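Only one structure is covered here, and it is reproduced in the block below.
The values are calculated or read from the model by the stated rules, or taken from the named source; none is laboratory data. Model, not experiment: these values are computed from the prediction. Here the Cβ positions follow ideal geometry from the backbone for every residue, glycine too, while neighbour counts run over all protein chains shown. In case anyone asks, the SASA skips ligands and DNA or RNA and just uses the protein heavy atoms, side chains included. Shrake-Rupley method; radii C 1.70, N 1.55, O 1.52, S 1.80 Å.
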Amino acid sequence: GLGGNDVTADAQDLSPTFIQLGSGAASRGAVMGGSALAGDNFESGALDGSWTTSSSAAVGRIQVTDAFGAAGGSDALLMDVTTDGNNNLNEAIWTVDLSGVATPILRFFHNDFGDEQTSLPATFAGSFNGDGVAFSVDGTNWHTILNATNVTGWTEVVVDMGAAAAAAGVTLGANTQIKFQQFDNFALPTDGRGYDEIEIVGGADWYSFQVNDGESASIVYEEQGGVPNVELYYDDPTGGPT
């Protein structure tokens, strides 16, 4: 996470969380960890300053609303048109600082409300009439990471942004932009797409607890979504974590 436990030397001590179980010698401790660096679940009801939006026609509509459900909570980012019959490109661009993040993973949910699939090319400059998600490090040249898909219900997408950047031959920086877009000509629920629960995860959280000679420990891990990666180390006095 963004706290002080991102390296082994600053592992967060879990001792204060332990409670005794019954009258025996057993005890239990717990922690809820995570490594979310940035994100938006749209529950504020509006887009904040990290977002910019545009529509190619006056009928374009990009809104945060609870009118058609959400992947989590009540609100989601939805795109359609206000007047049927006019083709329109909706774009919502999220700017996020990924400089120095070793393993950024993009997670989000998307939904298709009967929207026809209009594909994006692998790369494009500026704007392109299509459905999907792309990223840019310069605001001009875009690299597609989700092409037009037909889904039923909110569906999770996980993208290794580090791998995507390496494949594109670019370096993720302080002004990395991720563009969520939709292209079609009818209002919800005939057409339209939705995006929700967007976040970037990366880095690592470190925690520590003590087990004395002769004691044993059991560790239970419950995934709360995302890309899990849990490792257990023991403290070797001669050489640190092993």
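Considering only residues that are modelled with pLDDT under 75, open to solvent by 70 Å² or more (accessible area, probe 1.4 Å) and not small (Gly, Ala, Ser), which ones fall in the stretch 4-36?
Across the stretch 4-36, the qualifying residues are VAL7, ASP10, MET32.
In the stretch 72-86, how many are in a loop (DSSP other than H, G, I, E, B) and open to solvent by less than 40 Å² (accessible area, probe 1.4 Å)?
Quick first cut of the stretch 72-86, residues in a loop (DSSP other than H, G, I, E, B) only: 72-75, 82-86.
Narrowing further to those that are open to solvent by less than 40 Å² (accessible area, probe 1.4 Å): 72, 75.
Number of matching residues: 2.
Taking the residues in the stretch 185-199 that are in contact with a Gly (Cβ under 7 Å, 6 or more places away or on another chain) and open to solvent by less than 10 Å² (accessible area, probe 1.4 Å) as candidates, determine which candidate is farthest from ALA38 (Cα to Cα).
Among them, the one singled out is ASP191.
If a residue has to be farther than 16 Å from ASP138 by Cα, touching a strand residue (DSSP E or B) at 6+ places or on another chain (Cβ under 8 Å) and not polar (S, T, N, Q) to count, how many in the stretch 93-127 make the cut?
Counting residues in the stretch 93-127 that are farther than 16 Å from ASP138 by Cα, touching a strand residue (DSSP E or B) at 6+ places or on another chain (Cβ under 8 Å) and not polar (S, T, N, Q) gives 15.
So which of THR144, THR171 ends up being closer than 28 Å to GLY49 by Cβ, of a type in the set (Ser, Thr, Tyr) and either open to solvent by 40 Å² or more (accessible area, probe 1.4 Å) or part of a loop (DSSP other than H, G, I, E, B) (or both)? Before the answer, list the steps.
Numbers: THR144 fails: either open to solvent by 40 Å² or more (accessible area, probe 1.4 Å) or part of a loop (DSSP other than H, G, I, E, B) (or both).
Among THR144, THR171, only THR171 is closer than 28 Å to GLY49 by Cβ, of a type in the set (Ser, Thr, Tyr) and either open to solvent by 40 Å² or more (accessible area, probe 1.4 Å) or part of a loop (DSSP other than H, G, I, E, B) (or both).
Which count do you get for residues in the stretch 88-107 that are loosely packed, with under 15 Cβ neighbours inside 10 Å and of a type outside the set (A, V, I, L, M, F, W, C)? Walk me through how you get there before you give the answer.
At the first step, the residues of the stretch 88-107 found to be loosely packed, with under 15 Cβ neighbours inside 10 Å are 99-100, 102.
Narrowing the set further to residues that are of a type outside the set (A, V, I, L, M, F, W, C) leaves 99-100.
Going through the stretch 88-107 one residue at a time, the tally reaches 2.
Would you point out the residue of the stretch 108-126, among those that are without any contact (Cβ under 8 Å) to a residue 60 or more places away in the chain and in a strand (DSSP E or B), that is surrounded by the fewest Cβ atoms within 10 Å (Cβ to Cβ)?
The residue in question is ALA125.
Please specify each residue of the stretch 127-141 satisfying the condition of being open to solvent by less than 30 Å² (accessible area, probe 1.4 Å), closer than 24 Å to VAL81 by Cβ and either within 16 Å of the chain's Cα centre (by Cα) or not acidic (Asp, Glu) (or both).
Applying the first criterion (open to solvent by less than 30 Å² (accessible area, probe 1.4 Å)) to the stretch 127-141 yields 130-136.
Narrowing the set further to residues that are closer than 24 Å to VAL81 by Cβ leaves 130-134.
Within the stretch 127-141, GLY130, GLY132, VAL133, ALA134 meet the criteria.
Looking at ALA30, ALA67, ALA38, which one is within 27 Å of SER127 (Cβ to Cβ) and not in a strand (DSSP E or B)?
On the way: ALA30 fails: within 27 Å of SER127 (Cβ to Cβ); ALA38 fails: not in a strand (DSSP E or B).
Criteria check complete, one pass: ALA67.
Exactly one of these conditions fails for ASP40: (1) open to solvent by 30 Å² or more (accessible area, probe 1.4 Å); (2) within 25 Å of the chain's Cα centre (by Cα). Give me its number.
(1)
Return the pairs, sorted by first residue and then second, in which the second residue is open to solvent by less than 10 Å² (accessible area, probe 1.4 Å) and in a strand (DSSP E or B), the first residue lies in the stretch 67-91 and is of a type in the set (D, E, K, R), the beta carbons are less than 6 Å apart, and the residues are 6+ apart or on different chains.
So the pair list comes out as GLU91/LYS179; GLU91/GLN181.
Would you confirm, using the coordinates I've provided, whether THR65 is open to solvent by 40 Å² or more (accessible area, probe 1.4 Å), more than 16 Å from the chain's Cα centre (by Cα) and at pLDDT 95 or above?
Details: open to solvent by 40 Å² or more (accessible area, probe 1.4 Å): no; more than 16 Å from the chain's Cα centre (by Cα): yes; at pLDDT 95 or above: yes.
In short, no.
Each row is one residue, and each column tells you yes or no for (1) under 15 Å from ASN90 (Cβ atoms); (2) under 16 Å from the mean Cα position of the chain (by Cα); (3) of a type in the set (A, V, I, L, M); (4) outside any strand (DSSP E or B).
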position	(1), (2), (3), (4)
GLN177	no, yes, no, no
PHE180	yes, yes, no, no
LEU188	yes, no, yes, yes
ASP196	no, yes, no, no
GLU199	no, yes, no, no
ASP205	no, no, no, yes
GLY214	no, no, no, yes
SER218	no, no, no, yes
